[in-house]
Amino acid sequence: MKSIIVFLILFNGFNFETAELIQKQVVSTYGVTCMVINGHDLPERFSVKKMNRIVADSIVSHMDKMNDGKSIYVGLLDDDICTRARGYQYWGIFGYSYKSGCVISSYRMKDSDSKLTLIRLMKVTIHEIGHSFGLGHCLTPSCIMNDAEKKISTVDKEEMSICPKCKRVLQIILE
Ligand SMILES: [Zn+2]
Ligand SMILES: [Zn+2]
């Protein structure tokens, strides 16, 4: 197995204890080394002020500058994020992934039940990291790599684990 390290980077004061719980989940799902790093406040220029959203694409290129190419960088934050990718005009999203990393925001997952919020956050993080490893979407509804199609109800139907089929693909990728 390749020794890929997953770094969870906490931006704009994302809670450290929450990140440690996500870290445990990453380790148990993927069996990789995962570390939590306290990040910093993101520059103002990353935000679309009138919408109060931070552009995920900007965070992605920001993290890419720190990446040695052997690690996966996962940005975590509570602010609303959006993307300009695929022709979307600052479309609000849960998470965004690219080859060497991903960005996840808790903003659109919040529930009065903080436990449910945490589970959603873990699921979306595991899903986006799966993409960063090279996994595509899976048709199995319970699989974590099922496409949430931007709906939180779909995320709630998924289980925390990857299905046997995706597991086999992942094994080949990580070999
Ligand atoms: Zn996806
Ligand atoms: Zn699957």
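Quick check on my filter: what residues within region 149-169 are crowded, with 20+ Cβ neighbours inside 10 Å and assigned to a loop (DSSP other than H, G, I, E, B)? Give the steps one after another, and end with the answer.
Quick first cut of region 149-169, residues crowded, with 20+ Cβ neighbours inside 10 Å only: 155, 158, 162, 166.
Result: 158, 162.
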| Within region 72-84, is even one residue within 15 Å of ligand 1 (Cβ to nearest atom), at pLDDT below 95 and farther than 22 Å from residue 24 by Cα? | yes
| said: Residues that are touching a residue at least 12 places away in the same chain (Cβ under 8 Å) and among the hydroxyl-bearing types (Ser, Thr, Tyr): does region 84-94 have at least one? | reply: yes
| said: Please go through region 33-50 and give me each residue that is within 16 Å of the chain's Cα centre (by Cα) and of a type in the set (A, V, I, L, M), ordered by number. | reply: 35, 36, 37
| Quick one: in region 126-158, which of the residues that are more than 11 Å from ligand 2 (Cβ to nearest atom), hydrophobic (A, V, I, L, M, F, W, C) and under 16 Å from residue 173 (Cβ atoms) is modelled with the lowest pLDDT? | 133
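Give the residue, chosen from 33, 29, that is free of Cβ contacts under 8 Å to residues at least 60 places away in the same chain, hydroxyl-bearing (Ser, Thr, Tyr) and closer than 27 Å to residue 168 by Cα. Give the steps one after another, and end with the answer.
On the way: 29 fails: free of Cβ contacts under 8 Å to residues at least 60 places away in the same chain.
Of the residues listed, the single one that is free of Cβ contacts under 8 Å to residues at least 60 places away in the same chain, hydroxyl-bearing (Ser, Thr, Tyr) and closer than 27 Å to residue 168 by Cα is 33.
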| Of the conditions (1) within 10 Å of ligand 2 (Cβ to nearest atom); (2) of a type outside the set (D, E, K, R); (3) modelled with pLDDT under 90, residue 169 fails just one. Which one is it? | (3)
| message | Condition (residue is away from ligand 1 (no atom under 14 Å from the Cβ), closer than 20 Å to residue 38 by Cα and out of contact with any Lys or Arg (no Cβ under 7 Å at 6 or more places or on another chain)) applied to region 122-141: is it met by at least one residue? | response | yes
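How many residues does region 4-40 hold that are in contact with a helix residue (DSSP H, G or I) (Cβ under 8 Å, 6 or more places away or on another chain) and within 17 Å of residue 100 (Cα to Cα)?
Residues of region 4-40 in contact with a helix residue (DSSP H, G or I) (Cβ under 8 Å, 6 or more places away or on another chain): 4, 6, 8-11, 18, 21-22, 25-26, 29-30, 32-36, 38.
Going one step further and asking which of them are within 17 Å of residue 100 (Cα to Cα), we end up with 4, 6, 8-10, 26, 30, 32-36.
So the count comes out to 12.
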| note | Inside region 97-107, the number of residues satisfying the requirement of being among the aromatic types (Phe, Trp, Tyr), part of a strand (DSSP E or B) and out of contact with any helix residue (DSSP H, G or I) (no Cβ under 6 Å at 6 or more places or on another chain) is 0
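Going residue by residue through region 111-120, is there one that turns out to be within 15 Å of ligand 1 (Cβ to nearest atom) and either surrounded by 20 or more Cβ atoms within 10 Å (Cβ to Cβ) or under 26 Å from residue 59 (Cα atoms) (or both)? Walk me through how you get there before you give the answer.
Kept after step one, since they are within 15 Å of ligand 1 (Cβ to nearest atom), are these residues of region 111-120: 120.
Then keep just the ones that are either surrounded by 20 or more Cβ atoms within 10 Å (Cβ to Cβ) or under 26 Å from residue 59 (Cα atoms) (or both); that gives 120.
Within region 111-120 (the criterion being within 15 Å of ligand 1 (Cβ to nearest atom) and either surrounded by 20 or more Cβ atoms within 10 Å (Cβ to Cβ) or under 26 Å from residue 59 (Cα atoms) (or both)), the answer is yes, since at least one residue qualifies.
The values are calculated or read from the model by the stated rules, or taken from the named source; none is laboratory data. Quantities reported herein were computed from a predicted structural model and do not represent experimental measurements. We place every Cβ from the backbone using ideal geometry, glycine too, and count neighbours over all the protein chains shown.
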